[in-house]
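Participant: Before anything else, here's the structure in question.
The values are calculated or read from the model by the stated rules, or taken from the named source; none is laboratory data. Computed from a prediction, not measured in an experiment: that's the story for all the values here. Cβ atoms come from the backbone with ideal geometry, glycine included; neighbour counts cover every protein chain shown.
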Amino acid sequence: MAHHEFTTPVTEGQVRALRVDDTVTLRGTLYGIRDATQIAMFDRGRKTRFDLAGHAVIHTAPNVRKVAPSPEHPAGYAPVCIGTTTSMRMERFTRPLLARCGVRIVIGKGGLGAASLTAFAELGGVYLAIIGGTAALETTWVEAIEDVDLDDLNPESLWKFRIRGFGPLRVAMDSHGGSLYDSVNAGARAKRAEALAALGIQRRSPD
Amino acid sequence: MHIDPQAIEDAAKELYLRALKELPPDVKRGFDALAARETGATAKAVLGTMIENIAVAERTDNLLCQDTGIPIYNVVIGRGVDVDGPALKAALRRGCERATREYPLRSSIVHPLTRKNEHSSCGIGVPVIHVDFSDAFEGLRIEMIPKGSGSENNSWLKMAIPAEGVDAIRTFVVDCVLDAGGKTCPPTIVGVGVGGTADLCVHLAKVAATRPLGTSCADPEGAALEAQLSAAVNLLGIGPQGLGGDATAFAVHVELAATHITMNPVAVNMQCHSARRASALFTADGVTYGF
């Protein structure tokens, strides 16, 4: 259970060094993506001018305020509240994110599935769990909205955030086949019988 | 007592913002109770971050969660109120839209087919508005619930049959909690609707999920079922955020309605740990805000 401090972009080696239950704090750039962003990129062939290679993406759609562009708010947006959404809806986009865009780190909540875990192993990627529903805290880790692309999808635009001390985030899925969700869910299913027994439920045998 | 639509509009705006920023005291107490008995190290840390976030939101006057939810307004008209019904509904909608544009909030509402976002938090049938009547008080009460999608996306209905009995209800609830895992932002309030028609059953699940912690089902059989299920789902070890631990649910809440002799419906709807709600009470003395 080591702690890592990364400045993005990261290398494949940095990501492959991570193991489930390690913690990571990020600095530098973080890209925000969401359902509509990835539907546009991977189903409809929209291109982004951002180079995501080696970068971290977070499953988000922020609350923002439109302001005049300034050094503080280069994209003309001030952050209001930036948090994280449930990742599982975007499961099928993990592989293209890694394979086509070179993304190395996916940040989200609730975890991703088996196809993502395979993609992380094959292509060198990792899933970092943020604590969902703690957006007020998360917002304090964001310095600025540096840029935005595909903004016709607002709020599901492709956001470029400048971050400071973003974390600690927990490595919940690694590039070695480890998934905290798989182990917790397997444990929970194993306890199903115990929970049903506590409710007095016994399998009825046919007469 | 006449209630001016403008006052309702202002309250509708204020309630949306209040609900997004400050958790009700019963939910804060719920966190303290879960944290006190949690035995998992990761889970303790996760609960600690959630509790810290509540304080950060209040200190920075920010939203607890970035998900502004689907706005729901529950209106209860008490005794002695003179209110123009259609004007009331229009005022709620205007207040919801003003909160979104003036604050500004992220509008999370899109057309279900075109996916077009009007950036108003409004659309066909949204905000959801329920109107009911009560003879228990004088005045008018509006409850606002920004219902988060992470938990709402985990909703279930089973039209069980009478031969399956109450065990079908119990088993279904356990299986829904297993299926949800970490996707619902646990610890959750698990809302269970039992009985009624299919649509009433789902509605009751939502009423149960958004009921204050520490309250019980009015029906004693329902209350007993709540206690059993609350203990059982917390044996599963899913824990906060699905990362493992004891604190899977604050509680299981049950709401009941009578049903047909051939039917045994059960629905589950969940409320995430950011169990947000706010209320306004209009009386002859003016408006009082609470939870």
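Yes/no per residue for (1) under 24 Å from B:E143 (Cα atoms); (2) surrounded by fewer than 21 Cβ atoms within 10 Å (Cβ to Cβ); (3) among the polar types (S, T, N, Q); (4) modelled with pLDDT of 95 or more:
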position: B:P25; (1), (2), (3), (4): yes, yes, no, yes
position: B:L34; (1), (2), (3), (4): no, no, no, yes
position: B:N53; (1), (2), (3), (4): yes, no, yes, yes
position: B:V56; (1), (2), (3), (4): no, yes, no, yes
position: B:D67; (1), (2), (3), (4): yes, no, no, yes
position: B:V83; (1), (2), (3), (4): yes, yes, no, no
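Participant: Additional query: Sort out which residues of segment A:163-184 are of a type in the set (D, E, K, R) and either in contact with a helix residue (DSSP H, G or I) (Cβ under 9 Å, 6 or more places away or on another chain) or in a loop (DSSP other than H, G, I, E, B) (or both), and write them in order of number.
Facilitator: Passing the criteria: A:R170, A:D174, A:D182.
Participant: Answer yes if at least one residue in segment B:212-225 is within 14 Å of chain A (Cβ to nearest Cβ), more than 17 Å from the chain's Cα centre (by Cα) and either without any contact (Cβ under 8 Å) to a residue 12 or more places away in the chain or not in a strand (DSSP E or B) (or both), and no otherwise.
Facilitator: Yes, segment B:212-225 contains at least one residue that is within 14 Å of chain A (Cβ to nearest Cβ), more than 17 Å from the chain's Cα centre (by Cα) and either without any contact (Cβ under 8 Å) to a residue 12 or more places away in the chain or not in a strand (DSSP E or B) (or both).
Participant: Moving on. Kindly indicate whether any position in segment A:125-141 is touching a Pro at 6+ places or on another chain (Cβ under 9 Å), under 25 Å from A:E12 (Cα atoms) and either surrounded by fewer than 22 Cβ atoms within 10 Å (Cβ to Cβ) or of a type in the set (K, R) (or both).
Facilitator: no
Participant: Just to verify a result, which residue in segment A:109-123, among those that are outside any helix (DSSP H, G or I) and more than 10 Å from chain B (Cβ to nearest Cβ), is nearest to B:A45 (Cα to Cα)?
Facilitator: Within segment A:109-123, the match that is nearest to B:A45 (Cα to Cα) is A:L112.
Participant: Just give me the residues in segment A:124-162 being assigned to a helix (DSSP H, G or I) and more than 12 Å from chain B (Cβ to nearest Cβ), in sequence order.
Facilitator: If the condition is that a residue be assigned to a helix (DSSP H, G or I) and more than 12 Å from chain B (Cβ to nearest Cβ), then A:D151 is the only one that fits.
Participant: Within segment A:55-88, take every residue that is surrounded by fewer than 18 Cβ atoms within 10 Å (Cβ to Cβ) and outside any strand (DSSP E or B) and give me the one that is nearest to the other protein chains (Cβ to nearest Cβ).
Facilitator: Among residues in segment A:55-88 that are surrounded by fewer than 18 Cβ atoms within 10 Å (Cβ to Cβ) and outside any strand (DSSP E or B), the one nearest to the other protein chains (Cβ to nearest Cβ) is A:V67.
Participant: Further, regarding this structure: Condition first: closer than 18 Å to B:R277 by Cβ, out of contact with any Lys or Arg (no Cβ under 6 Å at 6 or more places or on another chain) and among the basic types (K, R). Now tell me which residues in segment B:1-56 satisfy that.
Facilitator: Hits for segment B:1-56 are B:R18, B:K21, B:K28, B:R29.
Participant: Please go through segment A:89-100 and pick out each residue that is under 17 Å from A:A129 (Cα atoms) and surrounded by fewer than 22 Cβ atoms within 10 Å (Cβ to Cβ).
Facilitator: Within segment A:89-100, A:R89, A:E91 qualify.
Participant: Do we have any residue at all in segment B:171-188 that's within 21 Å of the chain's Cα centre (by Cα) and on the phi > 0 side of the Ramachandran plot?
Facilitator: There is at least one residue in segment B:171-188 that is within 21 Å of the chain's Cα centre (by Cα) and on the phi > 0 side of the Ramachandran plot.
Participant: Then there's this: Considering every residue within segment B:1-16, establish whether at least one is within 14 Å of chain A (Cβ to nearest Cβ), modelled with pLDDT of 95 or more and in contact with a helix residue (DSSP H, G or I) (Cβ under 6 Å, 6 or more places away or on another chain).
Facilitator: yes
Participant: Next question, about the same structure. Please go through segment B:160-205 and give me each residue that is part of a helix (DSSP H, G or I), crowded, with 24+ Cβ neighbours inside 10 Å and away from every other protein chain (no Cβ under 13 Å), ordered by number.
Facilitator: Hits for segment B:160-205 are B:C201, B:L204, B:A205.
Conditions (1) within 30 Å of B:S121 (Cβ to Cβ); (2) at pLDDT below 95; (3) within 15 Å of the chain's Cα centre (by Cα); (4) not acidic (D, E), marked per residue:
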{"position": "A:D149", "(1), (2), (3), (4)": "yes, no, no, no"}
{"position": "A:N154", "(1), (2), (3), (4)": "yes, no, no, yes"}
{"position": "A:S157", "(1), (2), (3), (4)": "yes, no, no, yes"}
{"position": "A:K160", "(1), (2), (3), (4)": "yes, no, yes, yes"}
{"position": "A:F166", "(1), (2), (3), (4)": "yes, no, yes, yes"}
{"position": "A:A172", "(1), (2), (3), (4)": "no, no, yes, yes"}
{"position": "A:G178", "(1), (2), (3), (4)": "no, no, no, yes"}
{"position": "A:S183", "(1), (2), (3), (4)": "no, no, no, yes"}
{"position": "A:A190", "(1), (2), (3), (4)": "no, no, no, yes"}
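Participant: In segment A:89-100, which residues are touching a residue at least 40 places away in the same chain (Cβ under 8 Å) and within 14 Å of chain B (Cβ to nearest Cβ)?
Facilitator: The answer is A:R89, A:M90.
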